Amino acid sequence: MTPTIIDRTPGLPCAATCQTHFGNFRNLYRLLGYTPKRNYEFLDARPFWSELRAKLIEQAAAAIKAAGGRVSSGGWSHCLRVSGSVCVSVRAARWSPGQKPTHAPYWSIEREACLPDGWIAAIRLAEHNQTVLDYVLLPTDGKVKRTIRFSEAARARRGIARFKTANGLVQAITRRLTKADPTTHTLRTRGRRRPKAMQSRTRKIHRRR
């Protein structure tokens, strides 16, 4: 009884109504006497990481604009379209325990089905998905799998950048995206005072006239 099955079954209330009535699907499964194999801690913590994701999007958009970049939604949810070409998708990296006690935990990132070229910025959640561990940034060419999984060892091996704070992540995104934009330099230098040598030369020309 997944939300998709409930929504597609005639005569049943929609999944949103079930969730509102029972609080969450874990309570519904428990009342039915069913123990799902899937770990639903991540969904229970959705209000927590969803709010963090919204704040991270706002923070990144403000920083990119301050650096001279142009930002729009690009038509994708939880994404930033920078300077009309590069997409930054903001996601949460879900913590999951290893399949066996001896296996290391891993993180999963669910991406958009048709994510364009750009970057994925993810809030990496700590054990049981109740707190933030750190932040990661990885490139995507639009051909990566729908679900991206990695352990800590795999993260280092695959070169996925890690940041301790949201500010560090935002600064890295801003550097990467505004550096490649040819209009950024013009926007940054607009309004600056000209060098003294240029000012002196301009004054001499005006005097001759």
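Side notes on the structure shown:
- Accessible carbon and sulfur surface of region 61-102 relative to its total accessible area, %, 1.4 Å: 53 percent
- Mean separation of Cα contacts under 8 Å (6+ apart) over length of region 5-107, as relative contact order %: 13 percent
- Global geometry of region 55-109, whether rounded, prolate or oblate, following the gyration tensor of its Cα atoms and the 1.5 cut on a/c: prolate
- Rolling a 1.4 Å probe across the protein heavy atoms gives region 1-99 an accessible surface of 59 Å² per residue.
The values are calculated or read from the model by the stated rules, or taken from the named source; none is laboratory data. Here the structure is a predicted model, which is why all the values come from computation and not from measurement. With ligands, DNA and RNA removed, areas are computed over all heavy atoms of the protein, side chains included. Shrake-Rupley method; radii C 1.70, N 1.55, O 1.52, S 1.80 Å.
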